[in-house]
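Okay, so here's the structure we're looking at.
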Amino acid sequence: MFAAENGLKGDPRLKAISDAIRVMPDFPKPGIMFQDITTLVSNYKVFKDTVDIFVDRYRDKGISVVAGVEARGFIFAPAIALAIGAKFVPLRKPKKLPGKVISESYELEYGEDCLEMHVDAVQQGDRALVIDDLVATGGTLSAAIRLLERAGAEVVECACVIGIPEVKHKGTAEAIKLLNYLYPKYINPVAFIIIMSAIVCGKRSFFEDIESLGTSPTSGSPPAYKKFRCSSVTSPIRSNYSPPVHRSTVNQLKVLFPDMEIQLLERALEESGNDLEFAIKSLHELHLGYSKCSSRPTAEENENMARGATPTGENVVPLQEPQVQNNLPVDGAEWVELFVREMMNATSIDDAKSRAASILENLEKSISARASAEATQSLHKENVMLKEQIEVLLQENVILKRAVAIQHERQREHDDRNQEVQQLKQMVSQYQEQMRTLEVNNYALTLHLRQAQQNKSLPGSFHPDVF
Ligand SMILES: O=P(O)(O)OC[C@H]1O[C@H](OP(=O)(O)OP(=O)(O)O)[C@H](O)[C@@H]1O
Ligand SMILES: Nc1ncnc2[nH]cnc12
């Protein structure tokens, strides 16, 4: 959407750039879909296109400083600075710069950090552009703006290659809102050159995109369908995002699994704690099972399966797959019925023994599989609840930290003012001291003068500075 606002809509370079970004799930810690730009910069053409997009936007804008954020901002910023004829200013992680620095700390998607800049890196009146590879919560860009502002520069815009559309509730949209709120004059969504790399992560915004593209639930437009499947199937990791269960989510599943019943889709969604990606993964596995036996097994096939035999009569290892268990008797009465039937069909005592042993073995497996499925489900629910609580706590934490940072800033201003007042008081008392000395001198001189006037007969001349 931002690319469109930038006038880049339909630009073929965007797709190539987006495709060149590799997404690494669970790096640097579980739950993070890491957007890896090393694959982008290793492709000369795509790297050049990316830099060119920035250069085209910022050439002739009177930018005198391009500030790059360590480390990945350093990959793009110097090239842009050289091309538009501006100086490059590194905004570095703590304790890397040798001169006098100013620092700003900030929150990250996966932790906390601090940026530093040499105090003399920019001058009053410099027009700065901040460059980074990616904006997630916006914390880094906020810190960069604060640093440049404090040093007297004017931040014209901030630009990144990637915007993460959903970083839980703190995604780019929120980040831009927040930045807009804090720095209304600098941040404007057009400033962000956003490549929708979320397409690769398969996050919720992409599903919304499918809807907005007007893909009918039955048409199954090949490109969207393909991407959707790729994202869910290739990503082995469950996203932390839990969309609310609503009809459109189930419909999206229906588009992907048209031959499955709605109830089954709803159940998969419910059992995956409303995690769409996970639901797709388990449905996909289930779907493979479905495709293998294109129709539901007959009652007779169920019995065969319960005994560990395929519909064609061969012996196989029974009850390996959870979907096979779904076809087994569901309660005690059905098991008894099956048992009796098997016994009646037995041709000899040995056959009866082997049938009974097989049914009992499957009964045992079915009981333990059901117990472990229930335990997994309840653990999963607990896990989802805990994640939600952590999410809320993290958000509160961010707000509190921001409040403390603001308070800290005010305290620092207050301390600076106090220091100035102390210096002024010191100067006043020095002046008062000087005045007292001058008054004493004046008094002594007045006395001398008077004495001199009374003793006019005294010989000699007086000093011209005094008389
Ligand atoms: O919008 P935000 O939530 O602030 O996150 C964005 C920042 O996170 C990444 O840097 P990181 O601190 O991981 O450092 P690196 O560039 O040294 O890898 C990225 O390069 C951005 O600078
Ligand atoms: N998901 C992500 N991928 C790469 N860098 C990041 N910085 C913050 N979040 C990130």
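The values are calculated or read from the model by the stated rules, or taken from the named source; none is laboratory data. For clarity, every value in this text was computed on a predicted model and none was experimentally measured. With ideal geometry, Cβ positions are generated from the backbone for all residues, glycine too; neighbour counts draw on all protein chains shown. Side chains included, ligands, DNA and RNA excluded: accessible areas come from the protein's heavy atoms. Shrake-Rupley method; radii C 1.70, N 1.55, O 1.52, S 1.80 Å.
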Restricting the search to segment 392-413, which residues are farther than 15 Å from residue 104 by Cα and open to solvent by 100 Å² or more (accessible area, probe 1.4 Å)? 393, 399, 400
Within segment 135-149, can you find the residues that are under 20 Å from residue 62 (Cα atoms) and open to solvent by 10 Å² or more (accessible area, probe 1.4 Å)? 149
Checking residue 26 against (1) within 14 Å of ligand 1 (Cβ to nearest atom); (2) farther than 16 Å from residue 133 by Cβ, the condition it does not meet: (1)
Select, from 10, 73, 31, the only residue that is within 14 Å of ligand 2 (Cβ to nearest atom), farther than 13 Å from residue 161 by Cα and of a type outside the set (Asp, Glu). 31
Exactly one of 18, 105, 64 is among the hydroxyl-bearing types (Ser, Thr, Tyr), touching a residue at least 40 places away in the same chain (Cβ under 8 Å) and open to solvent by less than 30 Å² (accessible area, probe 1.4 Å), and that one is 18
Across (1) within 16 Å of ligand 2 (Cβ to nearest atom); (2) of a type outside the set (Gly, Ala, Ser); (3) free of Cβ contacts under 8 Å to residues at least 24 places away in the same chain, residue 94 clears everything bar (1)
Across segment 27-62, what is the total count of residues that are in a loop (DSSP other than H, G, I, E, B) and acidic (Asp, Glu)? 1
Residues that are within 16 Å of ligand 1 (Cβ to nearest atom) and within 19 Å of residue 24 (Cβ to Cβ): does segment 54-72 have at least one? yes
Just to verify a result, which residue in segment 108-132, among those that are among the β-branched types (Val, Ile, Thr) and more than 16 Å from ligand 1 (Cβ to nearest atom), is least open to solvent (accessible area, probe 1.4 Å)? 122
